[in-house]
Amino acid sequence: MSFSKIFVDRPIATSLVMAAIFLAGLLAFTQLPIAPLPRVDFPTIDVTASLPGADPETMASSVATPLERQFAQISDLTQITSLSTLGQTEITLQFDLDRNADAAAQDVSAAINAAGMRVGVCLSADRGWVSVRTGVWGSGNGCSDDGGIRPGWNGGV
(Lines give C-alpha, C1' and ligand atoms only; values in the text may rest on other atoms or scores of the structure.)
Protein backbone atom coordinates (compact mmCIF):
# COMPACT_ATOMS: atom_id res chain seq x y z
CA MET A 1 0.00 0.00 0.00
CA SER A 2 1.52 3.33 -1.09
CA PHE A 3 1.29 6.60 0.79
CA SER A 4 -0.87 8.31 -1.83
CA LYS A 5 -3.30 5.33 -2.05
CA ILE A 6 -4.41 6.05 1.56
CA PHE A 7 -5.58 9.52 0.53
CA VAL A 8 -7.17 8.35 -2.70
CA ASP A 9 -9.20 5.68 -0.90
CA ARG A 10 -10.42 8.07 1.82
CA PRO A 11 -11.47 11.39 0.17
CA ILE A 12 -13.35 12.70 3.24
CA ALA A 13 -10.37 12.11 5.53
CA THR A 14 -8.15 13.76 2.91
CA SER A 15 -10.43 16.84 2.86
CA LEU A 16 -10.39 17.03 6.67
CA VAL A 17 -6.58 16.79 6.82
CA MET A 18 -6.31 19.47 4.13
CA ALA A 19 -8.72 21.76 6.06
CA ALA A 20 -6.75 21.18 9.30
CA ILE A 21 -3.47 22.07 7.59
CA PHE A 22 -5.06 25.21 6.11
CA LEU A 23 -6.44 26.32 9.50
CA ALA A 24 -3.08 25.66 11.20
CA GLY A 25 -1.34 27.77 8.56
CA LEU A 26 -3.89 30.56 8.94
CA LEU A 27 -3.46 30.55 12.72
CA ALA A 28 0.34 30.54 12.39
CA PHE A 29 0.20 33.46 9.93
CA THR A 30 -1.77 35.63 12.35
CA GLN A 31 0.82 34.95 15.07
CA LEU A 32 3.80 36.10 12.96
CA PRO A 33 5.62 39.06 14.56
CA ILE A 34 6.38 40.70 11.19
CA ALA A 35 4.13 43.54 10.03
CA PRO A 36 2.75 43.15 6.49
CA LEU A 37 3.83 46.75 5.74
CA PRO A 38 6.79 47.67 7.94
CA ARG A 39 7.17 51.21 9.18
CA VAL A 40 10.01 52.89 7.33
CA ASP A 41 11.56 56.14 8.53
CA PHE A 42 13.85 57.74 6.00
CA PRO A 43 16.55 59.97 7.50
CA THR A 44 15.18 63.45 6.84
CA ILE A 45 16.62 66.85 7.74
CA ASP A 46 14.74 70.13 7.49
CA VAL A 47 16.70 73.34 6.93
CA THR A 48 14.92 76.63 7.47
CA ALA A 49 16.36 80.01 6.51
CA SER A 50 14.72 83.34 7.17
CA LEU A 51 15.34 86.87 5.96
CA PRO A 52 12.60 89.20 7.19
CA GLY A 53 10.93 91.19 4.44
CA ALA A 54 12.44 89.26 1.50
CA ASP A 55 9.99 88.22 -1.19
CA PRO A 56 9.72 84.53 -2.21
CA GLU A 57 11.68 85.06 -5.45
CA THR A 58 14.60 86.59 -3.55
CA MET A 59 14.53 83.78 -1.00
CA ALA A 60 14.52 81.19 -3.78
CA SER A 61 17.30 82.74 -5.85
CA SER A 62 19.57 84.16 -3.14
CA VAL A 63 19.18 81.63 -0.34
CA ALA A 64 17.54 78.37 -1.46
CA THR A 65 19.35 77.85 -4.78
CA PRO A 66 22.93 78.19 -3.44
CA LEU A 67 22.08 75.93 -0.50
CA GLU A 68 20.46 73.35 -2.79
CA ARG A 69 23.55 73.33 -5.03
CA GLN A 70 25.74 72.68 -2.00
CA PHE A 71 23.38 70.02 -0.62
CA ALA A 72 23.33 68.20 -3.97
CA GLN A 73 26.98 67.26 -3.40
CA ILE A 74 26.16 65.27 -0.23
CA SER A 75 26.38 61.51 -0.70
CA ASP A 76 23.30 59.27 -0.30
CA LEU A 77 20.93 62.23 -0.70
CA THR A 78 17.85 60.98 -2.54
CA GLN A 79 15.48 63.95 -2.54
CA ILE A 80 15.62 67.72 -2.08
CA THR A 81 12.43 69.76 -1.80
CA SER A 82 12.18 73.43 -1.00
CA LEU A 83 9.47 75.98 -0.37
CA SER A 84 10.13 79.71 -0.40
CA THR A 85 7.61 82.10 1.10
CA LEU A 86 7.70 85.70 2.26
CA GLY A 87 10.90 86.00 4.32
CA GLN A 88 11.44 82.25 4.73
CA THR A 89 12.76 79.21 2.87
CA GLU A 90 12.33 75.62 4.01
CA ILE A 91 14.49 72.91 2.44
CA THR A 92 13.80 69.24 3.19
CA LEU A 93 16.58 66.72 2.57
CA GLN A 94 15.80 63.00 2.44
CA PHE A 95 18.57 60.39 2.56
CA ASP A 96 18.88 56.66 1.83
CA LEU A 97 17.60 54.27 4.47
CA ASP A 98 21.14 53.08 5.17
CA ARG A 99 22.39 56.59 5.90
CA ASN A 100 23.13 57.45 9.54
CA ALA A 101 21.07 60.53 10.50
CA ASP A 102 23.82 61.97 12.70
CA ALA A 103 26.41 61.71 9.93
CA ALA A 104 23.91 63.25 7.50
CA ALA A 105 23.36 66.17 9.91
CA GLN A 106 27.11 66.72 10.07
CA ASP A 107 27.32 66.69 6.26
CA VAL A 108 24.44 69.18 6.05
CA SER A 109 26.16 71.43 8.60
CA ALA A 110 29.37 71.30 6.58
CA ALA A 111 27.47 72.10 3.38
CA ILE A 112 25.78 75.08 5.02
CA ASN A 113 29.12 76.33 6.31
CA ALA A 114 30.60 75.93 2.82
CA ALA A 115 27.73 77.86 1.25
CA GLY A 116 27.54 80.34 4.12
CA MET A 117 30.02 82.83 2.77
CA ARG A 118 28.00 83.13 -0.44
CA VAL A 119 24.54 82.93 1.11
CA GLY A 120 24.99 84.71 4.43
CA VAL A 121 23.62 82.24 6.98
CA CYS A 122 24.37 81.28 10.55
CA LEU A 123 23.80 77.71 11.63
CA SER A 124 22.46 76.14 14.78
CA ALA A 125 21.96 72.38 14.99
CA ASP A 126 20.27 70.30 17.67
CA ARG A 127 19.53 66.55 17.75
CA GLY A 128 19.30 65.75 14.06
CA TRP A 129 17.45 68.85 12.87
CA VAL A 130 19.12 71.87 11.44
CA SER A 131 17.87 75.42 11.61
CA VAL A 132 19.37 78.24 9.58
CA ARG A 133 19.09 81.90 10.43
CA THR A 134 19.99 84.35 7.68
CA GLY A 135 22.30 87.22 8.55
CA VAL A 136 21.56 90.81 7.68
CA TRP A 137 23.23 91.50 4.35
CA GLY A 138 26.16 93.89 4.63
CA SER A 139 25.40 94.93 8.21
CA GLY A 140 28.77 93.89 9.62
CA ASN A 141 27.00 92.74 12.80
CA GLY A 142 27.07 89.02 12.14
CA CYS A 143 24.60 86.56 13.54
CA SER A 144 23.83 86.59 17.23
CA ASP A 145 25.87 84.42 19.58
CA ASP A 146 22.87 82.48 20.94
CA GLY A 147 23.63 79.60 18.55
CA GLY A 148 27.32 79.77 19.33
CA ILE A 149 28.33 79.30 15.70
CA ARG A 150 30.67 81.73 13.90
CA PRO A 151 30.43 84.75 16.20
CA GLY A 152 31.44 88.01 14.58
CA TRP A 153 30.77 86.85 11.05
CA ASN A 154 29.59 89.81 9.01
CA GLY A 155 26.85 88.16 6.91
CA GLY A 156 27.62 90.20 3.80
CA VAL A 157 29.26 89.30 0.54
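The values are calculated or read from the model by the stated rules, or taken from the named source; none is laboratory data. Since we're looking at a predicted model, the values are computed, not measured. Because the Cβ atoms are built from the backbone with ideal geometry, glycine has one as well, and the counts that use them run over all protein chains shown.
Identify, from the list A54, A49, the residue that is assigned by TED's automatic domain parsing to the domain that holds S82, surrounded by 10 or more Cβ atoms within 10 Å (Cβ to Cβ) and closer than 25 Å to L77 by Cβ.
A49
For region 22-45, does any single residue satisfy the condition of being within 30 Å of Q106 (Cβ to Cβ), modelled with pLDDT of 85 or more and among the β-branched types (V, I, T)?
Yes, the conditions are met somewhere in region 22-45.
Residues that are closer than 17 Å to A115 by Cα, among the hydroxyl-bearing types (S, T, Y), in a strand (DSSP E or B) and at pLDDT 85 or above: does region 56-66 have at least one?
There is no residue in region 56-66 that is closer than 17 Å to A115 by Cα, among the hydroxyl-bearing types (S, T, Y), in a strand (DSSP E or B) and at pLDDT 85 or above.
Considering only region 32-46, state which residues are assigned to a loop (DSSP other than H, G, I, E, B), of a type in the set (A, V, I, L, M) and crowded, with 16+ Cβ neighbours inside 10 Å.
None - no residue of region 32-46 is assigned to a loop (DSSP other than H, G, I, E, B), of a type in the set (A, V, I, L, M) and crowded, with 16+ Cβ neighbours inside 10 Å, so the list stays empty.
Output the qualifying pairs, or none if there are none: Cβ atoms under 9 angstrom, residues six or more apart or on different chains, first residue in region 3-25 and exposed (fewer than 10 other Cβ atoms within 10 Å of the Cβ), second residue assigned to a helix (DSSP H, G or I) and hydroxyl-bearing (S, T, Y).
Correct list of pairs: V8/T14.
Matching residues to (1) touching a helix residue (DSSP H, G or I) at 6+ places or on another chain (Cβ under 7 Å); (2) in contact (Cβ under 8 Å) with a residue 12 or more places away in the chain:
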site: R39; (1), (2): no, no
site: M59; (1), (2): no, yes
site: L67; (1), (2): yes, yes
site: L77; (1), (2): yes, yes
site: Q94; (1), (2): no, yes
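Could you grab me the full set of residues in region 75-103 that are in a loop (DSSP other than H, G, I, E, B) and closer than 21 Å to S61 by Cα?
Listed by number, the residues that qualify are L86, G87.
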